[in-house]
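Where a number appears in this text, it was derived from the coordinates with a stated rule and is not lab data. Predicted, not measured: the structure shown is a model, and the values here were computed from it. So basically every Cβ, Gly included, is an ideal-geometry build from the backbone, and we count neighbours across all protein chains shown.
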Amino acid sequence: MHSDRILVVAPDDDLRRSLTFALAAYGYAVTAQQAWPGHAAADAFDCIVLDERALPNASPPSPVRRPVLLLAYSADALANDSVTGVIAMPLKGEAVMQAVEAALAASRPTK
């Protein structure tokens, strides 16, 4: 089981619930929000899954000290280099779980 805390930010209720359910099934502690909660709140999490539609410019406000995975619908968002990773929408298979696991592994200090 994971003890990592994941923030899901998505304005769409169904997408937010689906991501929350799937991540929780993998053992993550998930908090879901409709909109960007601000830097202080975002920094309380180990990883952030952010729907492109949650922010007007499809980029998280800088600086964010946690991995941010952008759910991208547009070509501009797919080319976004201000986030840790981009996940093309619509979602396919285990894309979110794999991206979250990779982002968390990369953010952990090496021993």
Can you list, bin by bin at 5 Å, the percent of alpha carbon pairs in the chain, starting at 0? 2, 13, 26, 28, 21, 8, 2, 0
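Roughly how many debye, to the nearest 20, is the charge dipole of the chain about its Cα centre, given +1 on each Lys and Arg Cβ, -1 on each Asp and Glu Cβ, and no other charges? Each step should come with its number before you reach the end.
Working: 9 positive and 12 negative charges, 64 e Å.
Roughly 300 debye for the chain.
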Using Cα pairs closer than 8 Å and at least 6 residues apart in sequence, work out the relative contact order for the chain, in percent. 22
In nm, the gap between the two label points placed 7 Å beyond Cα toward Cβ at Tyr26 and Leu78 is 2.2
Of the DSSP beta bridges with both residues in the chain, give the percent that are antiparallel, rounding to the nearest 5. 0
In order through segment 48-55: 3J(HN,Hα) via Karplus (6.51 cos²θ - 1.76 cosθ + 1.60), integer Hz, x for Gly, Pro: 10, 9, 10, 6, 3, 6, 7, 10
For Val64, Val8, what ranking results if the residue with the fewest other Cβ atoms within 10 Å of its Cβ goes first? Val64, Val8
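With a 10 Å Cβ neighbour count serving as the proxy for reagent exposure, in which order, fewest first, do Met89, Met97 appear? Could you put the intermediate results ahead of the total?
Working: Met89 18, Met97 15.
In order of increasing Cβ crowding within 10 Å: Met97, Met89.
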